[in-house]
Amino acid sequence: MNKINENDFLSGSITRVLVRLSIPIILTSLIEMAYSIVDMLFIGRLGSYAVAGVGIAGMIAWFSDGLCTLASIGGQVKIGHCLGAHNEEEAGRCFTAMLQIGLFFGAAFTAVVLLNTDGIVGLFHLHNPESVESAAVYMRITSGLILFYFMDILMTAAFNVSGDTKTPFIINTIGFAANICLDPLLIFGIGPFPALGAAGAAIASAAAQIIIFFLLLSAGIRRNALFGRVHLLQFQKASIYGGIIRIGAPIALQNMLFSVCSMIIATFIAGYGDGAVAAQKIGSQIESITWMTANGFMTAINTFISHNYGAHAYSRVHRGYLSMMKIVLVWGSLCTFLLVAFPGQIFSLFLNDPQVLPIGIRYLRIIGFSELFMCMEITTSGAFGGLGYTLPPFLSGTILTLARIPLLLVLTRTPLGLDGIWVSISLSSILKGTVLTSWYLHYEKKTLKIKA
């Protein structure tokens, strides 16, 4: 079943296992993030109005990630516990339940968005008709085909927790290549292709996700024994669904509340004009290099800890967390340095609009100070998840994220103005990383070490 033998999780060099597991996951995360960046590179050539519209639509897709996370995180942890305990039959049942939950929520999300697209776009009070149209068309296309994206995430989780992180990386790279080729053809209209603008970007991304779906399915059937144990038309024990939902729901709810909070903040940003919306969207895409890499660390430590926790190897759980956090310290510090020291050079690669560039520079520089702490929070959330205890990330993440709104209401009334929004985001990220890391270390001391 596994590309990396399960014993590699449970014995031997922890650092080597984490590095071997992390690198393909991180590269896969960066490939997924690159879809959005490529869209922004091309859409940026259409102007800031199109960027603002697609950015708003992207926030709605981001909300869907929370629903998918419920199934993927909860299912991955349960599968990891089963594999660590050498119970492959139960792991197969957990994988089936994970897919069924994902299909249900994916279909529900599609129906809600397609029936209410105009109303959802209207919540953001975009000023320019081009921005409104770009948001609506991008949202309809990507949400209408969101099931393929959900299945891509869930099948990737199955490969990762089985120890095969290379296959998703290779397949996602193929999908990324397809996206690169389709973007200019469909956005600008090259050769026989019509110029579709934002709709072309959405079609290109959706097509890439469909390609990835069929490649992952084919590889899974041929190379991963979990896929052979899937019976989508069979209901599983209630305890399996309950276990997945219990673990995944807090993280899913946290992600969705984060998305809602981001949408609320976006309405405040929109009050400063479409240029501010475009600057924030491009800035967040640049920043996503940091947090998508951290998501790779999160998945790796989640997989490592879930296997060892299932095998009751508690000392390796602790040592694995410390080893991963050393890597996080290096990466997060590098990202902070680059965004604080070179914001103009980085932002101008995506959009060089003289009205938007100064806003983007200030965004990157202010947000840059929180990059290390954001990496700490995301990685530690994965560690908690590996233990099957996802309440702490939910509580700290939700409370401190929601605190951004009252904080920005105060700061934007100072001379900071728009920059007060960026400061509120950065400060909350610093607090989240500090609080959650301290909480995890305390939890280990009070529970795992007592059991070990």
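Remark: for residue pairs 326/446; 281/326; 166/237; 78/166; 281/432; 237/432, the C-alpha separation exceeds 26 Å in 281/326; 166/237; 237/432. Ligands, DNA and RNA are left out, and with a 1.4 angstrom probe the accessible area of the chain is 38 Å² per residue. Sort out for me the Cα centre separation of segment 119-149 from segment 206-254, rounded to whole Å. That distance is 28 Å. Dividing the summed -39500 (n - 2.57) terms of all DSSP H runs of n ≥ 4 by the residue count of the chain sets its mean residue ellipticity at 222 nm at -27500 deg cm²/dmol. Note that segment 412-452 shows a convex hull volume over its alpha carbon atoms of 48 Å³ per residue. For segment 295-390, the fraction of alpha-carbon pairs lying more than 23 Å apart is 41 percent, rounded to a whole number.
For segment 66-158, the Kirkwood hydrodynamic radius comes to 14.8 Å, computed from all pairs of different C-alpha atoms.
Computed from backbone phi, the HN-Hα couplings of segment 20-31 come to 4, 6, 6, 4, x, 5, 5, 5, 5, 4, 5, 5 Hz, rounded to whole numbers (Karplus: 6.51 cos²θ - 1.76 cosθ + 1.60, θ = phi - 60°; Gly and Pro given as x). For segment 195-336, the orientation-averaged shadow of the C-alpha convex hull comes to 13.6 nm² (one quarter of the hull surface).
FRET efficiency for the residue 260 to residue 45 pair, using the beta carbon distance and R₀ = 35 Å, is estimated at 0.65. Cα centroids of segment 289-362 and segment 11-34: 12 Å apart.
Ranking 253, 275, 388 by how far each Cα lies toward the positive end of the dipole of the chain (charges on Cβ) leaves 388 at the top.
Using Cβ point charges alone (K and R +1, D and E -1), the dipole size of segment 372-452 about the Cα centre works out to roughly 280 debye.
Magnitude of the charge dipole for the chain, about its Cα centre and with charges confined to Cβ atoms of Lys, Arg (+1) and Asp, Glu (-1), is about 1320 debye. Expressed as a fraction of 2.2 N^0.38 Å, the value expected for a compact globular protein of N residues, the C-alpha radius of gyration of segment 36-192 is 1.22.
The values are calculated or read from the model by the stated rules, or taken from the named source; none is laboratory data. What you are looking at is a predicted structure, and each value in this text was computed from that prediction instead of being measured. Cβ sites come from the backbone with ideal geometry, for glycine too, and all protein chains shown count toward neighbours. In case anyone asks, the SASA skips ligands and DNA or RNA and just uses the protein heavy atoms, side chains included. Shrake-Rupley method; radii C 1.70, N 1.55, O 1.52, S 1.80 Å.
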